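To start, the structure under review is shown below, and the notes come after it.
FYI, it's all coordinate maths here, none of it is from the lab. Model, not experiment: these values are computed from the prediction. Glycine also receives a Cβ, built like all others from the backbone with ideal geometry; neighbour counts cover every protein chain displayed.
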Amino acid sequence: MKRLATLAVAAIAIGLTGVALGQSKEIRIGLIADKTGPLEAYVKQMQTGFALGLEYATGGKNEVLGRKIVVIDKDSQTKPDAAKSLLAAAYGDDKVDIAIAAGSSGTTLAMLPVAEEFKKVLLVEPAVADSITGDKWNRYVFRTGRNSSQDAISNAVALGKPNTSIATLAQDYAFGRDGVAAFKEALAGTGATIVHEEYAPVQTSDFTAPAERIFNALKDKPGRKVLFILWAGGNPFKIADLKPERYGIEIATGGNILSELAKYKAFPGMEGATYYYYDIPKNKINQWLVTEHEKRFHQPPDFFTAGGMSAAIALVDAIKKAGGTDTEKLIAAMEGMSFDTPKGKMTFRKEDHQAMQSMYHFKIKVDPKMEWAVPTLVREIKPEEMKIPVRVPKT
């Protein structure tokens, strides 16, 4: 009997050790990022913000629930097929618990079915296309980044005034087309009218032909005439060299990274709405981010740095709330979950897992001492003010 009791105690001890080992295994995060290509600068910012966010959310320990966080990053090179294959390898071969889609709307859309196939959470930051949490969405997809509708509605708040004619210039892929569609929808009832839509290839550098069509559509319209530019990367502001002001046309756009804000210096007083500018949100997380980023990199955090930090905080909060990395428990924890970010509070909407968040109506101020134009706050546009459509298919 004594020997049996001893064996029983030993068996229990071995069992408990196995549980402890199981609980202490790594939390593996796959980061599928467009590290090369036109969005390289955006992705580098996102990765920096993600690392800072993990540091902040874990108190510098880089672990959750006693489990070390290991980030496995792969370069999707802004190629949808590559992104799809790399995500499948991350879920299948690398055994990642959660993946982050850190790239363009095109590469992100290619990854969505893979998350559904492997039944693993895919967190999206920074791709914007509405279809990601719309008609191409599945229940494993969550997004901390803003979507096209949030961009569009906030910019419609800034620009949608009576007796205003608007032409749009956007890139000819999901980001541009989804963004313009949402912008048109958001302008309904404001008194402003879209009179022309222009789409150009992503790598366009000569805007002469698009400008001619835009100017012809706007030049004879009464009232205020606005060219709204929706573009990621490149330099669509070259269109200003063709002097739209001779037709009374003003240029408007949303926020952007600091290097791009340097181009905004040519447009003092320009209005729009932005996702983030480091000097706008006033909260302790943003204060930490600005202080640490300036200390380590000798410049303030940028547009997508805040997004990366938000994604990391959401991920850590979700794992804590779920008590681990089981997919179904994570989904249950994340649906409706609120979490604090450099922008303030965000909440994953239960219906489509889109993060509801504030946007910022700005007006450009030119300070000769600054390398870039300064988006000064007109007002914060709260999530509850924006009627963001739920675009997921009805079941």
(request) Multiply the residue separation of LYS363 and GLU185 by 0.36 nm, subtract the distance between their alpha-carbon atoms, and state the gained length in nm to one decimal. (result) 61.8 nm
(message) Using only the alpha-carbon atoms of the stretch 274-366 as identical scatterers, what base-10 log of I(q)/I(0) does the Debye formula give at q = 0.19, 0.23 Å⁻¹?
(response) -0.90, -1.13
(message) Can you classify the stretch 87-137 as rounded, prolate or oblate using the Cα gyration tensor, where a ≥ b ≥ c are the square roots of its eigenvalues, rounded means a/c under 1.5, and otherwise it's prolate if a/b beats b/c and oblate if not?
(response) prolate
(request) About the Cα centre of the stretch 90-222, how large is the charge dipole given +1 on each Lys and Arg Cβ and -1 on each Asp and Glu Cβ? Please answer in debye to the nearest 20. (result) 360 debye
(request) Could you pull out the trypsin sites (Lys or Arg not before Pro) across the stretch 244-320 that fall in loop regions by DSSP (anything but H, G, I, E, B) with no more than 12 other Cβ atoms inside 10 Å? (result) LYS282
(message) Need one word for the stretch 242-282: rounded, prolate or oblate. Basis is the Cα gyration tensor (sqrt eigenvalues a ≥ b ≥ c); a/c below 1.5 gives rounded, then a/b vs b/c decides.
(response) prolate
(message) Between the stretch 275-315 and the stretch 210-230, what is the separation of their alpha carbon centroids in Å?
(response) 36 Å
(request) Can you work out the PRE-style zone for THR36? Point 7 Å along Cα to Cβ, and I want the residues of the stretch 78-97 with backbone N under 20 Å. (result) 78-90
(message) Is there a quick way to get the dipole size of the chain? I mean about its Cα centre, with the Cβ of Lys and Arg at +1 and of Asp and Glu at -1; what is the value in debye to the nearest 20?
(response) 860 debye
(request) Note down the relative contact order for the stretch 112-193 as a percent, whole number, built from C-alpha pairs under 8 angstrom at least six residues apart. (result) 31 percent
(message) With unit charges on the beta carbons (Lys and Arg positive, Asp and Glu negative) and the dipole taken about the Cα centre of the stretch 280-342, which residue among GLY323, VAL290, MET309 sits farthest to the positive side?
(response) VAL290
(request) Taking the chain as the reference, fit the longest principal axis to its C-alpha atoms, fit the long axis of helix 174-187 to the helix C-alpha atoms, and give the angle between the two in degrees, 0 to 90, nearest 10. (result) 60 degrees
(request) Taking the Cα atoms of the stretch 17-175, report the difference between the largest and smallest coordinate on each principal axis, in whole Å and largest first. (result) 72, 34, 29
(request) Report Rg(Cα)/(2.2 N^0.38 Å) for the chain, keeping two decimals. (result) 1.08
(request) Return a whole-number percent for the relative contact order of the chain, with Cα pairs under 8 Å and 6 or more residues apart as the contact set. (result) 18 percent
